[in-house]
Amino acid sequence: MQITLQKAFIKINKEQCKGCTLCIETCPVDVLKISDKFNSRGYHYAEYTGDGCTGCGVCFYACPEPGAITVYKRGAIVDEEILKSFN
Amino acid sequence: MTTILKKPSTFYEVFTRKPDADKINTHYCPGCGHGKLHKLIAEAIEDLGIQDRVIIINPVGCSVFLYYYFDTGHIQVAHGRAPAVATGIKRVHPHSIVISYQGDGDLAAIGGNEILHAANRGEHITVFFVNNAIYGMTGGQMAPTTLPGMKTTTTPRGRDIHNEGYPLRMAELIATLDAPVYVERVALTDAKNMAKARKAVRKAIQIQVEGKGFAFVEALSTCPTGWGMNPPDAEKWINEVMTKYFPLGVFKDISDKVEPVKFEKKILTAEDIKKAIGVNGSEVTQVKKYQRNTIAEKYKNPKIKIAGFGGQGILLLGLVLAQAGMLEEYHVSWLPSYGPEMRGGTANCHVNISESEIASPLVSIPTVLIVMNRPSLEKFEGTVKPGGVIFYDNSLIDIEPSRKDVEVVAVPATKIADDLGSTKVANMVMIGAYIGYTGILTKESIFDALDIMVKRKEFNELNRKAVEAGMEFVV
Amino acid sequence: MPKQLMKGNEAVVRGAILAGCRAFFGYPITPASEIAEAASLLMPEVGGVFIQAESEVAAINMLFGAASGGVRAMTASSSPGISLMQEGVSYAAGAELPMVIVDIMRGGPGLGNIAPEQGDYYQVVKGGGHGNYKVIVLAPNSVQEMCDLTYLAFDLAEKYRTPVYVLADGFIGQMVEPVEFPEPKLPQIDKTWCVDGTAETRHNLITSIYLAPEELEQHNLKLKKKYERIKREEVRYEAYKVDDAEVILIGYGIVSRILKSVVDTMREDGYKIGLLRPITLFPFPEEKIRDLAKTAQIFFVVELSTGQMVDDVKLALNGMREVKFYGRCGGMVPSAEEIIEQVKSVFEETEKEIEHQR
Ligand SMILES: Cc1ncc(C[n+]2csc(CCOP(=O)(O)OP(=O)(O)O)c2C)c(N)n1
Ligand code: SF4
Ligand code: SF4
Ligand code: SF4
Ligand SMILES: [Mg+2]
């Protein structure tokens, strides 16, 4: 089912994150953090703290990795499945 | 408005061209500026809807593997040559969108010449110049953009301006040229700078899409590995230190003023092509049959050497003989003096007119020597084959040939030419004397040859008169 | 037959355009400049591209770009310029790009002079650039062949996807002779491998990189196979009066024309002498040379160099027969008479030897 987002989200694909922390440094509302855990390549990856993302997109452009970050802005129409995967 | 910011579709979903097991991630170090610029370019290509048309020129440097990531056409090229390769492909396929992506070593050092000239020609290409002030790929050596005092693996004491000179400001340099349409320097750092960089990338590609010309974006970019910094510090360093030497901003933008170029393809038929390059035959086809003279055996198949001062029309003299010979369906060859013989303003040429195929076009032992100055007579008299003929201009040469075993024909060619109104046609008088005396070629073929060889036809009236005067002189 | 009197260097450009060449990139150098000049005049007339590059390095790379687009394209230069192009030729051989390079050789080493020489044999025939590669090398000896072999060069370049050289000397370039021109070709772009900015070619990649050693080895072996096929299928030569010849003269380019005169003159005097003229320098007519060794006792190589091609003759014969050499260089060109003297002394020597053995 398609759902129109009422709240912005960001999704970080941990396997595509190299833990450079650029997104964390740049997020204006400070909702990203580095994880205690590391991914299959040994990088501590960035994580969304889970709340407060404004969907500004700043982290998307700060991130050098093609697919590490996906930003869903408010009003985005997404598949319900994707929404589930955030939680 | 885009409500989802995700991996642009210009990137391959899976990087199958990568040889290692990891086909999902780039080969770049964490936090490397290259990746940030890739994303901006990929996004712009997607948004402009030009993916099929894009050809990316892959440089040598850390970005050598652009073809792993971008789902576009690619050419991987030699170090520094990207702008030349981009020129070649863009010129033959103007519809394509050619993006040259280069590092500072690639563009500002080894490829300095190529980028300057591509920019100066105003090639319709888009150049992204990644200035990370270092040679990333080879392990952190000095780049032309390395800052004074900055330590690299080849400036272990810091870049010394007395030894290495100053960093090159490429954007400023390119902006001084007339042709480039748009030149900007951006920094791949904080949100504000990324927004500007994003705009610049789009604009630089858009300019090419619109057919406006050369666009150049220099991007200050981190090399956390080469600089020995963590990525956020590296970006801070760009903002605080590097931008002092490399100020950000637009250095040139005439995109509003330039007229877009429309590239049109000429479609030609085989006939058009022949006509265009002058091999269609109309003026060259054998339309005429020439009645050859009867020629004494000793004058047949001449090996002719013609010599004199440069400016006496020596080469043309030979060419006209060869052309006329061809019209009369002989085998012919003409070879100009070339190499060591050419010194001292003298000119000579070798002409063969033969009933059979010509083996060597070189005439080392001429059967006919035509000389128009004294040094040439002195130099070549001894080479003439016994039984041969020497024609010499005795209005200029104040000695006589000493050979007794050859025929000698003195022709006051320059004098005759002068009487006709121009010493310049002395060469034509000599032609007349030679064909009149030996009968080797007819006046008709010589006249037709003149029409083919002489571009300014108005000269040919006098030329013909001179040929006739030469012929009359020897009867 | 309609023929046109033309300079070798100008015939090259016409041969190229008739073969469908639509892009020329060059940098002026004597004695090859007329080629660029003629191209600058004619290319735009047929909707083609002409660029005077900023250097030979740039020229060969522009050619690399145009060739990547599947378009028939060329450059022309002379010895010092060819030295600069070697980088690009190696990349093109590695990336398997068809292209045509004309080298009108001049005197070297260094700036040397502008006189005719054949001192580029090594740098052209033996590779010149880095890596395991070969290029097809065609050696014209007349203005007609300047046209015809250039015309052919484009077909071979495309057939084998490899750089092809037309290797001539200053004399052949400057010489004027009658030419009969072939019919124009209108080749289609082969979209299976090139990049031309269309959807069909979007997934194509032009590269000489093979990062994994296994892959690069495979790539090299593939190239080697290609060169072996070229060796089997593309050998071209002219054999002149060789049937009963005891002495075989070998020379290419302008030298072969002089040698033909030598053969004619010496035959008149009863000498059993013939000429083998390699038209392809790679592939070299080594089998033909071995074949001739069945009857010929002596092989006499003449070059405008201190001896380069002679190595290939020796390799072909592998000690089977004696190989003599006579070379002039620096722009000095031997006359037929000069060579005849050299060859006669060889005949005399052999006779003496034979007598000695009796
Ligand atoms: C002719 C040649 N010389 C030297 C090299 C080695 N080399 C490879 S990359 C490079 C420098 C790359 O630096 P830059 O262009 O700044 O790119 P970066 O890696 O910093 O992005 C050098 C010198 C080469 N590949 N070819
Ligand atoms: S989109 Fe903006 S607010 Fe949301 S995580 Fe990214 S930077 Fe922070
Ligand atoms: S910027 Fe990208 S790679 Fe770096 S930590 Fe954030 S998500 Fe990971
Ligand atoms: S060496 Fe520098 S430029 Fe190269 S990938 Fe690593 S960080 Fe980037
Ligand atoms: Mg660099």
Report summary line: HN-Hα couplings for the stretch B:407-419 via Karplus (6.51, -1.76, 1.60; θ = phi - 60°), in whole Hz with x for Gly/Pro, come out as 7, 10, 10, 8, 10, x, 4, 5, 4, 4, 4, 4, 4
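Evaluate E = 1/(1 + (r/R0)^6) for residue B:120 and residue C:222, where r is the Cβ-Cβ distance and R0 equals 45 Å; express this FRET efficiency to the nearest 0.05. Write out the running numbers ahead of the final one.
Working: r = 40 Å, r/R0 = 0.88.
With R0 = 45 Å, the Cβ-Cβ based efficiency is 0.70.
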**Report entry** Label-point gap, in nm, between residue B:296 and residue A:29 - each point 7 angstrom along Cα→Cβ
**Finding:** 11.1 nm
Report summary line: If the chain between residue B:460 and residue B:474 were fully extended at 0.36 nm per residue, the gain over the current Cα-Cα distance would be 2.9 nm
Report summary line: To the nearest 10 degrees, the tilt of helix B:443-453 (Cα long axis) against the first principal axis of the alpha carbons of chain B is 20 degrees
Report summary line: Rounded to 0.05, the calculated FRET efficiency for the beta carbons of residue C:211 and residue C:189 at R₀ = 25 Å is 0.30
Query raised in the report: Using the Karplus equation 6.51 cos²θ - 1.76 cosθ + 1.60 (θ = phi - 60°), what ³J(HN,Hα) coupling, rounded to whole Hz, does each residue of the stretch C:185-193 give in order, writing x for Gly and Pro?
Result: 9, 10, x, 9, 6, 8, 7, 5, 10
Query raised in the report: If you count, for every residue in B:17-27, the Cβ atoms of partner chains within 10 Å of its Cβ, what is the mean?
Result: 4
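Once you charge only the Cβ atoms, +1 for Lys and Arg and -1 for Asp and Glu, what is the size of the charge dipole of chain B about its Cα centre, to the nearest 20 debye? The partial results should precede the final answer.
Working: 54 positive and 52 negative charges, 193 e Å.
For chain B, the charge dipole is close to 920 debye.
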Query - Largest-first ellipsoid semi-axes for chain C, taking √(5λ) over the Cα gyration tensor eigenvalues, angstrom - result: 37, 23, 17
Query raised in the report: Taking the alpha-carbon centroid of each part, what is the distance from the stretch B:349-369 to the stretch C:8-31 in angstrom?
Result: 27 Å
Query - Estimated vicinal HN-Hα couplings, Hz - the stretch B:307-321 in sequence order (Karplus 6.51, -1.76, 1.60; Gly, Pro = x) - result: 8, x, 6, x, x, 8, x, 5, 5, 5, 3, x, 5, 5, 4
Report summary line: The answer for residue B:97, listing residues at least 5 apart or on another chain whose modeled amide H is closer than 5 Å to its amide H, is B:54, B:55
Report summary line: Inter-chain shielding metric for B:358-368, i.e. average beta-carbon neighbours from other chains within 10 angstrom, reads 6
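For the stretch C:17-123, what value does the Rg/Rh ratio take when both radii are computed over Cα atoms and Rh is the Kirkwood radius, given to two decimals? It would help to have the intermediate numbers written out before the result.
On the way: Rg = 13.2 Å, Rh = 13.7 Å.
Rounded to two decimals, Rg/Rh equals 0.96.
How would A:20, A:27 line up from fewest to most surrounding beta-carbon atoms within 10 angstrom? The partial results should precede the final answer.
Values: A:20 29, A:27 23.
Fewest to most other Cβ atoms nearby, the residues stand as A:27, A:20.
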Requested in this report: Among C:270, C:296, C:309, flag the residue with its Cα farthest along the positive direction of the charge dipole of the stretch C:237-357, charges on Cβ as +1 for Lys/Arg and -1 for Asp/Glu.
Outcome: C:309
Query raised in the report: Taking other Cβ within 10 Å of each residue's Cβ, how do B:431, C:279, C:289 sort, fewest first?
Result: C:279, C:289, B:431
**Report entry** Amide proton proximity set for residue A:10, modelled H, under 5 Å, gap of 5+
**Finding:** A:72
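Would you please give the FRET efficiency between residue B:402 and residue C:356, computed as 1/(1 + (r/R0)^6) with r the Cβ-Cβ distance and R0 = 41 Å, to the nearest 0.05? Don't skip to the answer; put the middle values down first.
Working: r = 45 Å, r/R0 = 1.11.
The pair residue B:402/residue C:356 has a calculated efficiency of 0.35.
Please report the antiparallel percentage of the DSSP beta bridges confined to chain B, to the nearest 5. Please list the in-between numbers first.
On the way: 21 of 59 bridges.
The antiparallel fraction comes to roughly 35 percent.
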Query raised in the report: Within the stretch C:93-109, what residues put their amide N at less than 16 Å from the label point 7 Å along the Cα-to-Cβ vector of residue C:306?
Result: C:107-109
Report summary line: Convex hull around the C-alpha positions of the stretch B:297-474: the volume in Å³ per residue is 104 Å³
Query raised in the report: How big is the Kirkwood radius of chain B, worked out from every pair of different alpha carbons and given in Å to one decimal?
Result: 27.7 Å
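What size of dipole, in debye to the nearest 20, comes out for the stretch B:297-474 about its Cα centre when the only charges are +1 on Lys and Arg C-beta atoms and -1 on Asp and Glu C-beta atoms?
400 debye
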**Report entry** Percent RCO, i.e. relative contact order, over chain B, from Cα pairs under 8 Å lying at least 6 residues apart
**Finding:** 9 percent
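With Kirkwood's inverse mean 1/r over C-alpha pairs for Rh, give me the Rg to Rh ratio of the stretch B:260-331, two decimals please. Walk me through the numbers before you get to the answer.
Values: Rg = 20.0 Å, Rh = 16.4 Å.
Using only Cα positions, Rg/Rh for the stretch B:260-331 is 1.21.
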Requested in this report: Could you work out how far apart the two model spin labels at residue B:199 and residue B:46 are, taking each label as a point 7 Å from the Cα in the direction of the beta carbon, and quote it in nm?
Outcome: 2.2 nm
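Quick one: net charge around residue B:110, please, counting Lys, Arg +1 and Asp, Glu -1 for every other residue with C-beta under 11 Å from its C-beta. If you can, show how the numbers build up before the last one.
Numbers: positive: B:81; negative: B:104, B:106, B:114, C:87.
Computed value for this residue: -3.
First select every other residue whose beta carbon is under 11 angstrom from the beta carbon of residue B:99; then total the charges, Lys and Arg +1, Asp and Glu -1. Walk me through the intermediate numbers first.
On the way: positive: B:53, B:90; negative: none.
With Lys, Arg at +1 and Asp, Glu at -1, the net is +2.
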Query raised in the report: Taking 0.36 nm per intervening residue step and subtracting the Cα-Cα distance, what contour gain separates residue B:16 from residue B:179 on full extension?
Result: 54.8 nm
Query raised in the report: When ranked by the protection proxy of mean other Cβ atoms within 10 Å per residue, highest first, what sequence do the peptides B:94-104, C:128-138, C:59-69 form?
Result: C:59-69, B:94-104, C:128-138
Report summary line: With a 22 Å threshold on alpha-carbon distance, the violating pairs from A:11/A:37; B:275/B:455; B:23/B:196 are B:23/B:196
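What's the local net charge at residue B:185, with K and R +1, D and E -1, over the other residues with C-beta under 12 Å away? Each step should come with its number before you reach the end.
Working: positive: B:169, B:196, B:252; negative: B:172, B:184, B:218.
Neighbour charge sum, excluding residue B:185 itself: 0.
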Query raised in the report: Excluding same-chain residues fewer than 8 positions from residue C:159, which lysines have a Cα within less than 18 Å of its Cα?
Result: C:134, C:185, C:191, C:222, C:224, C:225, C:226, C:231
Report summary line: Excluding residues fewer than 8 positions from residue C:352 in its own chain, the lysines with Cα under 21 Å of it are C:272, C:324, C:344
Report summary line: Under 5 Å from the placed amide H of residue C:282, counting only residues 5+ away or on other chains, we find C:137
Report summary line: Of all DSSP beta bridges having both residues in the protein assembly as shown, the percent classed as antiparallel (nearest 5) is 40 percent
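So what's Rg/Rh here for the protein assembly as shown, counting alpha carbon atoms and using the Kirkwood radius for Rh? Mind dumping the intermediate values first?
Details: Rg = 34.1 Å, Rh = 31.3 Å.
Result: Rg/Rh = 1.09.
Sorted from fewest to most neighbouring beta carbons within 10 Å, what does the list C:294, A:73 look like? Provide the component values of the computation, followed by the final result.
Working: C:294 8, A:73 20.
Listing C:294, A:73 from fewest to most nearby Cβ atoms yields C:294, A:73.
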Query raised in the report: Taking the Cα centre of the protein assembly as shown as the origin, how large is its charge dipole in debye, to the nearest 20, when only Lys and Arg (+1) and Asp and Glu (-1) carry charge on their Cβ atoms?
Result: 2100 debye
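Read the figures in this text as sums done on the coordinates, not as results from a lab. Here the structure is a predicted model, which is why all the values come from computation and not from measurement. So basically every Cβ, Gly included, is an ideal-geometry build from the backbone, and we count neighbours across all protein chains shown.
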